[in-house]
Structures are given as structure tokens and as C-alpha cells.
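Right, one structure below, let's go through it.
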Amino acid sequence: AVSDKKDKNIATRRETLLGTNQYPNFLEVAEENITKEIVSREIPTLMGMKIEEPCCCGKKIAEPLRPYRGAQAFEALRLATDRSGKEPRAFMLTFGNLAMCRARAQFSSNFFAVAGIRIIDNNRFDTIEEGAKAALESGAEIVVACSSDDEYAEAVPRIAKLLGDKAILVVAGDPACKEELIAAGINNFIHVRSNVLETLKEYQKMLGISQL
């Protein structure tokens, strides 16, 4: 129960692991000697026998402890991207209120970089059309709309129309107009209450990246 609570806190970033679930190194790539076994929670073995198996007397004396690092789930997430042979990118389509669009671009960049997704950041586009054009030209698989909540109801459907099916559109934030946007076919949102781990697994699935 204690470990489950800790895992949830790490997954939702209520507990920060610097460089792992928060503020990752955007350019870091896993070294070749980092393997699936290092980041997995599979039952360890000793001389070919699983540690939890009964001893030679045929009796299980006690339930074994299974130590693991809290960072492992996020390490596996990033390793899956690194080993996929893909280099997915997330484009920050920043527009409108400068303070809000920059704050949300920073949040979104950290969010996606946790999974080893490359970030294309931008200061601020003068128009939505300019931003959407740049996003398409970049070839980024993910485009994140970054602005204030007040601008999303009108702007995001326009962005969706401009992008078509050429990129996954994500909205940075949890705006009051969310249900309205969902009704318009816009279903991807990231915000401070997101379960970062599970959400990123879903984006990896959309990108064709398999879990380890």
C-alpha cells in the first residue's frame, strides 16, 4: 500500500524526481549498456532461480522483498522511446497572451521530454496561421496549443482544422471550454493534474512506440 501510494505520487509528479519525472535533460539519450532489465520490475533471479521460488526444502519461508527504484517506470518510458528507432517531436504552438503561452510551453516541454520526445519550442507566433504553418513544416508528430484558457474556445478548433490529420493536437491546460472542444473532436489535454506516466504511455501508443 505504501509503495502504491508512492508510485502514484511519482506518476502524478506530486513527488519530484529531478531529471526523471520533472525537468529532464532534453538532449539525453540512454547509453547502449542500459537494458530493459535495469529499468524493469521483473522478479530478480539468483543463479537461474527466481528469488521468490521455494528453497530446496520445498517450503516458502517468507514473502520476498522486491526492492525497486521509484524512477524505474519513467526510465522504462524514456528507454522505450530511445530504443524504438523513432525520433518523435512535440512542437509548441505558442500564441496569444505572452506570459501564459510561455508558461504553458515550458510545462508542456518538460511533460513530453520526460518520455524522450524531442521538443521544438517557440517564443510566440503572431497568428495561429503562422504557428500552424510552422508546425506542419517542422514535421512534428505532436503539436501543443499553448495560450490562455480564454483564447482556446475560438483558437483551438481553428488550429485543428489547419493541422488536419497531419499531427496529434494537444491542448496545454484544463480550460472551462474543455467539453466544448471535446465535442468538436479535440480530445488531448495535459495539465498539472494529469497522471504523467499513464498519459505519456498513451502518446507513445499513438506514436507507434511499444512498451518494453
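The values are calculated or read from the model by the stated rules, or taken from the named source; none is laboratory data. If you're wondering where the values come from, they're calculated on a predicted model, not measured in any experiment. Don't worry about glycine lacking a Cβ; one is built from the backbone with ideal geometry, like all the others, and counts go over all protein chains shown.
For this structure, a couple of remarks:
- Among residues of segment 129-161, those that are more than 11 Å from G173 (Cβ to Cβ) and buried (at least 22 other Cβ atoms within 10 Å of the Cβ), counted: 7
- Matching helices (runs of 4 or more DSSP H) fully within segment 1-96 where at least 2 residues are surrounded by 12 or more Cβ atoms within 10 Å (Cβ to Cβ), outside the structural domain of L169 (by TED's automatic domain parsing) and at pLDDT 65 or above: 2-11, 72-82
- Count - residues of segment 179-199 that are more than 29 Å from R78 (Cα to Cα) and surrounded by 19 or more Cβ atoms within 10 Å (Cβ to Cβ): 1
- Within segment 187-202, the set of residues being touching a strand residue (DSSP E or B) at 6+ places or on another chain (Cβ under 7 Å) and under 14 Å from V114 (Cα atoms) comprises I190, T199.
- Candidates A183, A134, A155, filtered to the one that is farther than 20 Å from N110 by Cα, more than 21 Å from the chain's Cα centre (by Cα) and free of Cβ contacts under 8 Å to residues at least 24 places away in the same chain: A183
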